[in-house]
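Remarks on the structure that follows.
The values are calculated or read from the model by the stated rules, or taken from the named source; none is laboratory data. Remember, predicted model here, so these are calculated numbers, not experimental data. All Cβ positions, even for glycine, are placed from backbone atoms using ideal geometry, and neighbour counts span all protein chains on display. Ligands, DNA and RNA are excluded from the accessible area calculation, which covers all protein heavy atoms including side chains. Shrake-Rupley method; radii C 1.70, N 1.55, O 1.52, S 1.80 Å.
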Amino acid sequence: MIVVTGATGNIGRPLVRALTAAGEDVTAVSRKAANLPAGVQHQVVEPSALDLTGADALFLLLPGGRTDAEVFVAKARAAGVRRIVLVSSQGVGTGRHPAAAEEAVKASGLEWSILRPGGFQSNTLGWSQSVKEQRTVEAPFGEIALPQIHPADIAEVAAVALREPEYAGTTWLLTGPEPVSPREQTALIAAALGEPVRFVELTRESARERFLRFMPEQVADSTLDILGSPTQAEQTVSGDVERVLGRPARGYADWLSEYLDVFR
Ligand SMILES: NC(=O)c1ccc[n+]([C@@H]2O[C@H](COP(=O)([O-])OP(=O)(O)OC[C@H]3O[C@@H](n4cnc5c(N)ncnc54)[C@H](OP(=O)(O)O)[C@@H]3O)[C@@H](O)[C@H]2O)c1
């Protein structure tokens, strides 16, 4: 049985679907009720209260800037879990984010795989209200292009890592197929809607104020550092999605075609 934490989230939802479609026995963990595929068990608990009895593999997503993977590692070892797949971030590799969660998973003695995604295409869901109501996007660093990833691509790579033992000990860098800037994303939204959408560039300070409404200070600052002053590595497209899945990563226009209704 495979346990999926963050099961109501951007990665968790498509991951539960992918594992179920592959015939796996899945237990989803979330605090909120969720509309899950038939046959999926559901633990409605705080993430750290999850029960891993009977689990073979754990998909571990630490939400809200948490880094305490050791809590989950200890539970996994006690329950006889064989394999952990951790959602980390590209920022660990580029020195922006703490490596503690990766270190805890690597030291677990269990089979592990680590996913290091760059920024998510779904972060632009945060623009939906202003696009809907004012046909406006407000974001910082309008011209800086990064290769954001479709969360469902992360989910598909996670499903491979959870199911196939040959990938134990692998760290994957997961990006989209091309760098896209906020101004270009705005133009793609406008084209898809068939209506003009204005781009208003926020200062770093006003973007920070907004980020602090839903993320801890350290995460807000490191996110702004990446968005505003990315390293060469953070701007570079990785081939890992294509290597694992045998097809190119999905671009922003693909993501947008699935989520366009939230901007209408
Ligand atoms: N967004 C990015 O650009 C980016 C880039 C690199 C790495 N990451 C990493 O990717 C992960 C986020 O993935 P995601 O987008 O799939 O997650 P998500 O959709 O933001 O959240 C997944 C689930 O976690 C639960 N959750 C959210 N905040 C929580 C909190 N404060 N405490 C406990 N549970 C909470 C929610 O479910 P319930 O409320 O139902 O429990 C939510 O559906 C994080 O580990 C992040 O560090 C993100």
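Computed over segment 106-170, relative contact order equals 50 percent, with contacts defined as Cα pairs under 8 Å that lie 6+ residues apart.
Of the three principal axes defined by the Cα atoms of segment 2-263, the extents in descending order read 54, 39, 35 Å. Remark: the Arg77-Lys132 segment gains 15.1 nm on full extension, using 0.36 nm per residue and subtracting the alpha carbon distance.
Of the beta bridges in segment 2-263, as assigned by DSSP with both residues counted there, near 5 percent are antiparallel. Ranking Pro14, Val29, Thr231 by how far each Cα lies toward the positive end of the dipole of segment 2-263 (charges on Cβ) leaves Val29 at the top.
Look at where the Cα atoms of segment 57-112 and of segment 20-48 average out, and the two centres are 20 Å apart. Remark: segment 1-157 carries 40 Å² of accessible area per residue (probe radius 1.4 Å; ligands, DNA and RNA excluded). Each Lys and Arg adds +1 at its Cβ and each Asp and Glu adds -1 at its Cβ; summed about the Cα centre, the chain shows a dipole of about 380 debye.
Where a ≥ b ≥ c are the square roots of the eigenvalues of the C-alpha gyration tensor, would you call segment 1-154 rounded, which needs a/c under 1.5, or, failing that, prolate if a/b is larger than b/c, or oblate? Verdict is oblate for segment 1-154. Give me the log10 of I(q) over I(0) for segment 152-257 at q = 0.11 Å⁻¹, as the Debye formula computes it from C-alpha points; what are the numbers? Each listed q maps to, in turn, -0.50. Per the 1.4 Å probe, what fraction of the accessible area of segment 1-101, in percent, lies on carbon and sulfur atoms? Result for segment 1-101: 49 percent of the exposed heavy-atom area is carbon or sulfur. Computed from the Cβ-Cβ distance with R0 of 30 Å, the FRET efficiency linking Gln235 to Thr53 stands at 0.10. Take the Cα of Thr203, step 7 Å toward its Cβ, do the same at His42, and the gap between the two points is 4.6 nm.
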